[in-house]
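Inspection log for the structure reproduced underneath, given as structure tokens.
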Amino acid sequence: MSMRVAIKTLGCKINQYDSAVIQERLARESCSFVPFEDPADVYVLNTCTVTDRADWEARQLVRKARRRSPAARVVVTGCYAQVSPEEVSRVPGVDFVVGLNRMDELVRYVGDGEAGATPAVPAGNPRDARAGGRRAGSGGAAVSVGNPRDERGVAVLGARRFLGRTRAFLKVQEGCNFACSYCIIPTARGRSRSVPPERVLEQVRGLADAGFSEIVLTGIHLGGYGYDLSPRLPLSGLVRRIAESGLVSRLRLSSLDPREVTDELLAVMAGSEVICPHLHVCVQAGEDGILRKMRRNYDTAYFARLMARARGKLPRAALGTDVIVGFPGETEQAFGASLDFLADLPLTYFHVFPYSVRRGTPAADMADQVASAEKKERSRRARDLGARKKHEFYASQVGRRVSVLVEEPAAGEPGGLKGYSRNYLPVLLSGGPDLVHREVSVRLQEWSGGRLWGEVEC
């Protein structure tokens, strides 16, 4: 094939994972890879569609790619391509629109501009694209998009090019059965489905053999793992199997829904030296009225009890969360109650997101949309609280001995290295390049200037 390919990823870690799989697959076809900012033969844009802003950003990147290399092919894939194929096909400069889980089609588009033997379907009816056909979109781009509701498996596994050779992400679950009022992702990704545990263990073995020391289990709705399998196997069972396999020394979990952090999962984590003491549990709001409007399946009392149990079982764990501020109908009183609630929780850090409209979701049509300036101010206040929480937790760790997996040289610190402890502390330390990709014992010495420093112990 011998093509220069530039891949750009927008959105979440799942998209980054999918892009890593795309790159690995294209590498088998003798493609070379260049930065998205450089001239290329083919540009592959893996899109997000979680907000209208994300759609706009994707359209802007298409135009930039076309200006950079007018003769190049532009392939748009990802969630925006899946949810709005007709709209994407009308963007000037787009040649091919490829939905999720259509890797063979994408590879053929990149290679020779043809989508193989898939029969053409007449343009003009958006449902044609969802039926899995290939056709010309109304803007002239070829469209190949299937119906996510028909998907029964997880098509991408075992990316080996993600984040160098120290930490690998492994997608074990796809899709979501929830119906949060602000979220379009179930429409893009379909219903929850799981990778059978035997296949997961095969992938873990392959990643360990490739040199990865840490594996992060991830999914669109990771806590939904296993409910579609026969026999059922909850996430706690999968985690236990991996930990007991002895294949990898560090296993980490990505984001979870509160209802799926079970006592059994906490017990498995507390009883294993392999499973990293780190939980990211998405609360989204700290006021019950807003949680109901979001269609979340818990209230603040439930979340508070969960965090107390997690801290009790995992006393040194990093406990993180996501918070959406400025959701429709969020008054200043409701926001203040949310801040007070978050302040009382044993959390380590927040990810704060101002609410952004996504067409096609119930929240987009709700009354009482919060003004942009108010969302910006509330985001600042929530981030300030998160910074105080982070400072308190990091400062409390000074003097402790931790195990750090050294990942890379520290930017801006000559002779410095950067790695992560098992409880997700980013640690800077001094040492030679021989320490990279190794797990070492470190004594935490100082927390200053937003950085945590440690010294390697012999």
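The values are calculated or read from the model by the stated rules, or taken from the named source; none is laboratory data. Fair warning: this is a prediction, and the values are worked out from it, not measured in the lab. Positions of Cβ are backbone-derived with ideal geometry, glycine not excepted, and every protein chain shown enters the neighbour counts. What goes into the accessible areas is simple: the full protein's heavy atoms, side chains included, and nothing from ligands, DNA or RNA. Shrake-Rupley method; radii C 1.70, N 1.55, O 1.52, S 1.80 Å.
Observations, loosely collected:
- Cut-off under 5 Å, modelled amide H: who pairs with Arg400 long-range: Leu444
- Each Cα pair under 8 Å and six or more residues apart adds its sequence gap; the mean of these over the residue count of the chain is a relative contact order of 9 percent.
- Fully extended contour minus Cα-Cα distance, from Asp434 to His351, at 0.36 nm per residue: 26.5 nm
- Angstrom value of the Kirkwood radius, inverse mean 1/r, which spans all Cα pairs in segment 207-265: 12.3 Å
- Positive-end residue, segment 234-320 charge dipole about Cα centroid, Cβ charges, pick of Pro258, Gly289, Pro277: Gly289
- With the gyration tensor restricted to C-alpha atoms of the chain, the semi-axes of the equivalent ellipsoid amount to 36, 28, 22 Å, longest first.
- Among beta bridges identified by DSSP and lying wholly in the chain, the antiparallel ones come to about 40 percent.
- Distance distribution note for segment 334-444: the fraction of Cα pairs above 15 angstrom is 72%.
- Based on DSSP H segments of at least four residues, each scored -39500 (n - 2.57), the chain has a per-residue ellipticity at 222 nm of -10000 deg cm²/dmol.
- Hull-based mean projected area of segment 290-339, where the convex hull spans the alpha carbons, in square nanometres: 3.9 nm²
- Atom-type composition of the exposed protein surface of segment 1-76 places 48 percent of the accessible area on carbon and sulfur (1.4 angstrom probe).
- With all protein chains in place and a 1.4 Å probe, the accessible surface of segment 180-249 carries 47 percent carbon and sulfur.
- Converting phi to 3J(HN,Hα) with the Karplus coefficients 6.51, -1.76 and 1.60 and the offset θ = phi - 60°, segment 321-334 yields 8, 10, 9, 9, 10, x, 5, x, x, 6, 7, 4, 5, 5 Hz in sequence order, with x at every glycine or proline.
- Degrees between helix 52-68 axis and first principal axis of the chain (Cα, 0 to 90, nearest 10): 60 degrees
- Heavy-atom accessible area per residue - the chain, 1.4 Å, Å²: 42 Å²
- Two-site label geometry, Val34 and Asp52: point separation in nm, points 7 Å out along Cα→Cβ: 3.6 nm
- Accessible surface of segment 373-432 [probe 1.4 Å, protein heavy atoms]: carbon and sulfur percent: 49 percent
- Ranked by the mean number of other Cβ atoms within 10 Å per residue, highest first, peptides 180-190, 214-224, 305-315 order as 214-224, 180-190, 305-315.
- Cross-link table Lys390/Lys418; Lys8/Lys64; Lys313/Lys418, entries beyond 21 Å C-alpha to C-alpha: Lys313/Lys418
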